[in-house]
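*Asks:* Structure incoming, see below.
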Amino acid sequence: MKTLVTYVSNTGNTRRVAEAIFGEVPGEKEFGELSGIESLEAYDLIFIGFPINAGGPNPAAKEFIENNVAGKTVAVFTTHGAPEDHEDVAGWLAACREAASEADLLGLFDCQGEVDQAIIDFLLKADDPKLRAFGEAGASGEGKGQPDESRIERAREFAREVIAKAGD
Ligand SMILES: Cc1cc2nc3c(=O)[nH]c(=O)nc-3n(C[C@H](O)[C@H](O)[C@H](O)COP(=O)(O)O)c2cc1C
């Protein structure tokens, strides 16, 4: 079995999750940014990760998934600035599932990822009170240091579960 772990990551959070997942993959495997992937043909199992950007899956990742995963065995992982129990997360995850609806989706993982200071500064100046509230949460230190070791360990567990399912 040949496995690919590929990701989009603007500020490194999703990449850290991708590395943890990759570390759990046995056998033949490849690791790389999604922008460098031309075809999924060679792979039996594909982990694809990306951040949540502006209330949905990162657009480049979403487009890639919609156009390339039909009939493939896939697991999706994502990071977002909001805490995992935020009311908007379920909708973002539904959009991730929807993008991969043509694939055999073996699992979906999400966790919080620290929001970059430049984004916090931008959100603090937004007109939309919801966006400002995100900025204020970030400015107060919420999410700092995420994904932490407990989240990385959850990502490893997720990888092991998906790999076990793929081997069934
Ligand atoms: C342009 C932009 C838009 C974002 N929009 C959201 C959002 O709608 N909801 C959210 O929870 N986090 C949002 N974030 C925060 C990122 O999803 C979060 O920090 C993520 O862990 C970043 O992953 P990365 O370091 O792999 O890029 C946004 C970040 C950026 C840069």
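*Asks:* What order, most packed first, do the peptides 112-125, 33-46 have when packing is the mean number of other Cβ atoms within 10 Å of each residue?
*Replies:* Output ranking for 112-125, 33-46: 112-125, 33-46.
*Asks:* Then there's this: Give, as a single signed number, the net charge of other residues whose beta carbon lies under 14 Å from the beta carbon of Tyr43, with Lys and Arg counted +1 and Asp and Glu -1.
*Replies:* That works out to -3.
*Asks:* When every alpha-carbon pair in region 1-73 is counted, what percent end up more than 20 Å apart?
*Replies:* The proportion of pairs with Cα distances above 20 Å equals 26 percent.
*Asks:* So, one more: Two decimals is fine: what's Rg over Rh for the chain, C-alpha atoms, Kirkwood radius as Rh?
*Replies:* 0.98
*Asks:* Report the calculated FRET efficiency for Arg132 and Ala94 (r = Cβ-Cβ distance, R0 = 22 Å), to the nearest 0.05.
*Replies:* The calculated FRET efficiency here is 0.30.
*Asks:* Quick one: if you take sqrt(5λ) for each eigenvalue of the C-alpha gyration tensor of region 72-168, what semi-axes come out, biggest first, whole angstrom?
*Replies:* So the three semi-axes of region 72-168 are 30, 16, 9 Å.
*Asks:* Further question on the same structure: Can you tell me the order of 63-76, 8-21, 91-104 when each peptide is scored by its average per-residue count of other Cβ atoms within 10 angstrom, highest first?
*Replies:* Order by mean packing, descending: 8-21, 63-76, 91-104.
*Asks:* Let me ask something else. Quick check on packing: order 53-61, 155-163, 23-31 by the mean number of other C-beta atoms within 10 Å, highest mean leading.
*Replies:* Packing order, densest peptide first, comes out as 155-163, 53-61, 23-31.
*Asks:* Among residues other than Ala95 whose Cβ falls under 14 Å from its Cβ, what is the net charge (Lys/Arg +1, Asp/Glu -1)?
*Replies:* -3
*Asks:* Check the chain and count each lysine pair with an alpha-carbon distance under 25 angstrom, considering only pairs eight or more places apart or from different chains.
*Replies:* Counting lysine pairs in the chain gives 13.
*Asks:* For helix 13-24, what angle does its Cα long axis make with the longest principal axis of the chain, in degrees from 0 to 90 and rounded to 10?
*Replies:* Taking the Cα atoms of the chain, the angle to 13-24 is about 30 degrees.
Just so you know, all these numbers are worked out from the coordinates, no wet-lab data involved. Because the structure is predicted, anything quoted here is derived from the model rather than measured. Note: ideal-geometry Cβ built from the backbone for every residue, glycine included; neighbour counts use all protein chains shown.
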